[in-house]
Amino acid sequence: EGVKRTGLSLGEIRDIVQDDFVMRKCLVSGDISKAIYADDCVFTDPQMTCKGLDKFVSGTKALFYAPASELELLGRVEVVGDNQIFARFREVACFNIPFRPKTYFSGNLTLTVRKQDGLIENYLEQWDLSIPEILRSARL
């Protein structure tokens, strides 16, 4: 599935992830730069874990209605330690179901980069609210 961009510096990966947030609303659109992720990357948020890049992308695209969703970075995407990328965000997630309800929350994303090839192998999304609190925030 496409050519992988191996061997990038953490700074280069950070810049690509920043563009995914700012230009593509990646968390609510599923439009991530697939070339920097391992095909077997593990994606985890407080609600679920899925293994596989294509599964994550297709699931995100099916779950959210991106044109009515919003994603805002809270500060710059940062390099943390020798193999992680970190971002804080605020999200308005519009669900792709009848009446298109929206939920409002913030959180952070930590990406772990595999040292042998420089591809992202782990995606961990954490939210500042519990799932019941997020569901109570839903508005039509």
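The values are calculated or read from the model by the stated rules, or taken from the named source; none is laboratory data. A quick note: this is a predicted structure, and the numbers were derived from the prediction, not measured. Backbone-built Cβ (ideal geometry, glycine too); neighbour counts: all protein chains shown. Only protein heavy atoms, including side chains, enter the accessible area calculation; ligands, DNA and RNA are left aside. Shrake-Rupley method; radii C 1.70, N 1.55, O 1.52, S 1.80 Å.
Among the residues of the range 35-48, write down those that are open to solvent by less than 80 Å² (accessible area, probe 1.4 Å) and either small (G, A, S) or outside any helix (DSSP H, G or I) (or both).
A35, Y37, A38, D40, C41, V42, F43, T44, D45, P46, M48 - these are the residues of the range 35-48 that are open to solvent by less than 80 Å² (accessible area, probe 1.4 Å) and either small (G, A, S) or outside any helix (DSSP H, G or I) (or both).
Of the conditions (1) over 17 Å from S106 (Cα atoms); (2) at pLDDT 95 or above; (3) in a loop (DSSP other than H, G, I, E, B); (4) of a type outside the set (D, E, K, R), G2 clears all except one; give me its number.
If we test G2 against (1) over 17 Å from S106 (Cα atoms); (2) at pLDDT 95 or above; (3) in a loop (DSSP other than H, G, I, E, B); (4) of a type outside the set (D, E, K, R), just (2) comes out false.
Could you check the range 112-129 and list, in sequence order, the residues that are hydroxyl-bearing (S, T, Y) and in contact (Cβ under 8 Å) with a residue 60 or more places away in the chain?
Y123
Can you tell me which residue is least open to solvent (accessible area, probe 1.4 Å) among those in the range 2-32 that are on the phi < 0 side of the Ramachandran plot, among the charged types (D, E, K, R) and in contact with a helix residue (DSSP H, G or I) (Cβ under 8 Å, 6 or more places away or on another chain)?
So the residue we want is D20.
Somewhere in the range 127-140, is a residue under 17 Å from L53 (Cβ atoms) and among the acidic types (D, E)?
No, because not a single residue in the range 127-140 is under 17 Å from L53 (Cβ atoms) and among the acidic types (D, E).
If you take the residues in the range 105-140 that are in contact with a Pro (Cβ under 7 Å, 6 or more places away or on another chain) and at pLDDT below 95, which one is least open to solvent (accessible area, probe 1.4 Å)?
Result: A138.
With the condition being of a type in the set (D, E, K, R) and under 15 Å from the mean Cα position of the chain (by Cα), I'd like the strands (runs of 3 or more DSSP E) fully within the range 49-132 carrying at least 3 qualifying residues.
84-94
Quick check on my filter: what residues within the range 82-109 are among the aromatic types (F, W, Y), farther than 17 Å from T44 by Cα and out of contact with any Ser or Thr (no Cβ under 6 Å at 6 or more places or on another chain)?
Listed by number, the residues that qualify are F95, F99.
Pairs, please: C-beta under 8 Å, at least 6 apart or cross-chain, first residue open to solvent by less than 70 Å² (accessible area, probe 1.4 Å) and among the acidic types (D, E) and in the range 87-104, second in a loop (DSSP other than H, G, I, E, B) and at pLDDT 95 or above?
Taking only residues 6 or more apart or on different chains, the pairs are E91/S69.
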